[in-house]
Amino acid sequence: MTHAELHPCVIVHYHEISLKRGNRPLFLRRLQENIARAVSDLGPVTVVQRPGRIVLDLEGHEHAEAARERLDRVCGIANLALAVRTGSSTESLKRAVDHVIGVRPFSSFRISARRAFKTFPLTSVEINRELGAHVLKVRPQARVDLEHAELNVHVEVLPHEAFVYADRRPGAGGLPVGSGGTVMALLSGGIDSPVAAWRMMKRGCRVHFVHFHSVPYLPDTSIGKARELARRLTQWQYVSHLYLVPFGEIQREVVLAVRPMARVVAYRRLMVRIAEALARQTGALALVTGESLGQVASQTLHNLARIDEAATMPVLRPLIGMDKIEITEAAQRLDTFETSIEPDADCCTLFTPAHPATRLGREEIEAMEGRLDTGALVRAGVEGASLETFDFPRGAGAHAPSSARRARLAPPRP
Ligand code: ATP
Ligand code: MG
């Protein structure tokens, strides 16, 4: 790169990763890979690490804005911006500032310079002054406003290059998907469970999905919703596996042994056992549900305790302390809300009363379950499960071109 050249790129900053010590290179490599994957269908790109940042080079790229948008859904990014990369001389900085300002209207501005190496001849304050004076020369009507500038021009000077940009956006935050192990999320067609799954992605987990349906006792609408939710969530983790478990026959057995008031909890305990068996086959270490304390009768502290007693893995409940309004807002931001509120028939309503027991005792549920062959029911669920795979971007990587592939159970190993 000669000093005066300007190259388009996206500059990415991370936050939580920089708090890591020994493992930072692993997290950064994962973030770098995920960024490359997220834009892989938009044309060839290079993603490189620089001290404290990652740069997506968009030289000659035809879809720069689309590429930047894709990065809004990459977990681990604190903030990002379309930027120009140039040489680290005052002259090239001025040219880059001219380019970034372009023809945009503004009445006030500021320069926010950061110098990542101390041998650059100017300090940050001096860069601010020098470039500020330059802007005032080309835009004599504009004034400097450090507090409420309409336009904030960021300048980052590294040893061999510099980055200049204006529109910095907050990123998704959290940690890169794939850096935190694998979990199995129980995905209903409702509002809560997709948000719960996403919260785990944001903590760096790869999330497999399992959905229980009661076809043919209930229509297959919940399956369609689970697929659509899995498809949307795949935009955050690039590959997803959705297990569809036929649950209707299992529920018929439960009905014979468990009185109506206790059935929802009995269903949930069986779901947990089946999900655990699938989790073990796939290397997932924990389950995830969308439960929030007290939201409905099956989610009282008593009933959550009964559900956990059936589990041998951790059951993670990222929404436990959130209320319905907070969860709904998160679902709207995540763009799963519209799918979640489509009408369907939830399998947990099959053969259950409108008001289930809220304080089910341990002995009580265990006595009723004792009349069931739980092992056989779990095996039936696992063996009846079918697996679908979703890719994002479609056809990227070493996967089939369709976005959903179906198979009988052939569990993936991480
Ligand atoms: P959601 O909006 O996620 O459906 P909800 O408020 O409707 O939650 P419940 O129906 O009691 O609450 O479900 C609690 C949790 O149990 C869900 O968040 C989900 O993780 C799991 N779950 C419930 N039904 C199913 C299902 N049919 N398949 C998979 N998981 C389910
Ligand atoms: Mg539900």
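Observations, loosely collected:
- Residue in the range 82-91 that is surrounded by fewer than 19 Cβ atoms within 10 Å (Cβ to Cβ) and of a type in the set (K, R) present: no
- Here K137 meets the list (1) assigned by TED's automatic domain parsing to the domain that holds G224; (2) more than 16 Å from ligand 1 (Cβ to nearest atom) almost entirely, failing just condition (1).
Conditions (1) within 16 Å of ligand 2 (Cβ to nearest atom); (2) free of Cβ contacts under 8 Å to residues at least 60 places away in the same chain; (3) out of contact with any Phe, Trp or Tyr (no Cβ under 9 Å at 6 or more places or on another chain), marked per residue:
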residue	(1), (2), (3)
L151	no, yes, no
G190	yes, no, yes
H213	yes, no, no
L218	yes, no, yes
Q237	no, no, no
H241	no, no, no
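- Whichever residue in the range 98-133 is aliphatic (A, V, I, L, M) and surrounded by 15 or more Cβ atoms within 10 Å (Cβ to Cβ) and, among such residues, is farthest from D167 (Cα to Cα): L122
- Matching residues in the range 312-327 - criterion: being more than 16 Å from the chain's Cα centre (by Cα), in a helix (DSSP H, G or I) and either of a type in the set (S, T, Y) or closer than 20 Å to L301 by Cβ (or both): K324, E326
- Unique residue being aliphatic (A, V, I, L, M) and buried (at least 16 other Cβ atoms within 10 Å of the Cβ) when the list is L146, L136, L175: L175
- R199 falls short on exactly one of the conditions (1) surrounded by fewer than 19 Cβ atoms within 10 Å (Cβ to Cβ); (2) farther than 30 Å from S88 by Cα, and that condition is (1).
- Test: V177 is outside any loop (DSSP other than H, G, I, E, B) and either in contact with a Leu (Cβ under 8 Å, 6 or more places away or on another chain) or touching a residue at least 60 places away in the same chain (Cβ under 8 Å) (or both): no
- Which numbered condition V378 misses (of (1) modelled with pLDDT under 95; (2) surrounded by 15 or more Cβ atoms within 10 Å (Cβ to Cβ); (3) over 20 Å from R227 (Cα atoms)): (1)
- Test: V265 is closer than 29 Å to F27 by Cα and within 16 Å of ligand 2 (Cβ to nearest atom): no
- Check on D72, surrounded by 15 or more Cβ atoms within 10 Å (Cβ to Cβ), within 23 Å of the chain's Cα centre (by Cα), modelled with pLDDT of 95 or more and of a type in the set (D, E, K, R): no
- Test for E388: is it surrounded by 13 or more Cβ atoms within 10 Å (Cβ to Cβ), modelled with pLDDT of 95 or more and not polar (S, T, N, Q): yes
The values are calculated or read from the model by the stated rules, or taken from the named source; none is laboratory data. Note that the coordinates shown come from a computational prediction; the quantities given were computed from them, not determined experimentally. Using ideal geometry, Cβ is built from the backbone for each residue, glycine included, and neighbour counts are taken over all protein chains shown.
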